[in-house]
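One structure below.
Laboratory data are not the source of any read-out in this text; all were calculated from the coordinates shown. Just so you know, these numbers come straight off a predicted model, no measurement behind them. Cβ sites come from the backbone with ideal geometry, for glycine too, and all protein chains shown count toward neighbours.
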């Protein structure tokens, strides 16, 4: 549990103190559908939002990608498409009104690629610094219910992602503590890391590692590691659906009634489905469902759900509703099968 908290604290520190990226050029041009023309620096495109800055702006502004009519830049960018393809080069989109032909151009030397604007889902600048490539978030929530049996809940979570042309790395951590004035306190700590390396347009090799501590299930610590083959099933400028399947190996340590800590090793099949959806300046949804049927303990299956629904407040702050569910059909000790919880928090993203 201490290791999980340390990892979560590390994510939080990196998120808070990650230095902002410095500007490269300031002559990028954006033309909106209403005719507004802006000159400055294209930061990135992500989740249907184009981030842009100019010398006269106090901070980056968020633009609705669907409302951008044209753009042009002389800098190099990585451009990610709905079919999983990635291209690197100078970008320009000089589509004329009412022209539906492919107009988004990625120019690399003497070669150029033309694609449809709707097929572009991510644009990231080519940066020299590791820090400038990071994206992430940190969230905190606190709830109190008074009465004869007052309860409090506090939660802290963080996420960080690093993406380059051929591979990506994502880390997530959370810590939830529940206390009751006339009851047993419960807590839950998690940490996960997913490494994905592109194999083909929609295929990737994935390696997954997870840590879980749950007082609700008398689970002192479960360490899980493995990997397999993943596929992007669907992707658009507003949503993405992906599946990772393979094999996992886990080692569990439970708190025994007599003070001992029973241990168990387990080999499991891996099925992990992730769905993301976002709407500009409205909300975003990130959900992961998994099923781990046991290979060494036939009949046992672990399943779960993690869901985060965020609503934009102002700038990069969001209000979030979080839900998690862990189910173990046959724990190796006499312990609860379910670990379920909900909560709300306020967070900052970068």
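Which whole-number percent is the relative contact order of the chain (Cα, under 8 Å, 6+ apart)?
It rounds to 11 percent for the chain.
Can you sort 88, 82 by how many other beta carbons sit within 10 Å, fewest first?
In increasing order of surrounding Cβ atoms, one gets 88, 82.
Kindly provide the helix-only [θ] at 222 nm of the chain, computed as the sum of -39,500 (n - 2.57) over DSSP H runs of four or more divided by all residues, to the nearest 500 deg cm²/dmol?
So the helix-based figure for the chain works out to -1500 deg cm²/dmol.
Among (1) 18.3; (2) 20.0; (3) 16.9, which one is mean projected area of the Cα convex hull in nm² computed from these coordinates?
(2)
For each of 79, 115, 247, count neighbouring Cβ atoms within 10 Å of the residue's Cβ, then give the residues from fewest to most.
Placing the least packed residue first, the sequence is 247, 115, 79.
Compute the separation of the alpha-carbon centres of the range 314-342 and the range 156-180 and state it in Å as a whole number.
15 Å
Need the full-extension length gain, residue 255 to residue 126, defined as separation in residues times 0.36 nm minus the C-alpha distance. One decimal, nm.
My answer for the length gained is 41.6 nm.
If you stretched the chain out fully between residue 321 and residue 236, how much longer would it get, using 0.36 nm times the residue separation minus the C-alpha to C-alpha distance?
28.2 nm
Working from Cα positions, state the angle (0 to 90°, nearest 10) between the long axis of helix 2-17 and the longest principal axis of the chain.
So the inclination is approximately 20 degrees.
For 311, 30, which order do you get if you count the other beta carbons within 10 Å of each Cβ and list the fewest first?
Fewest to most other Cβ atoms nearby, the residues stand as 311, 30.
Using alpha carbons only, how many angstrom separate the centre of the range 54-86 from the centre of the range 185-223?
For the range 54-86 versus the range 185-223, the Cα centre distance is 32 Å.
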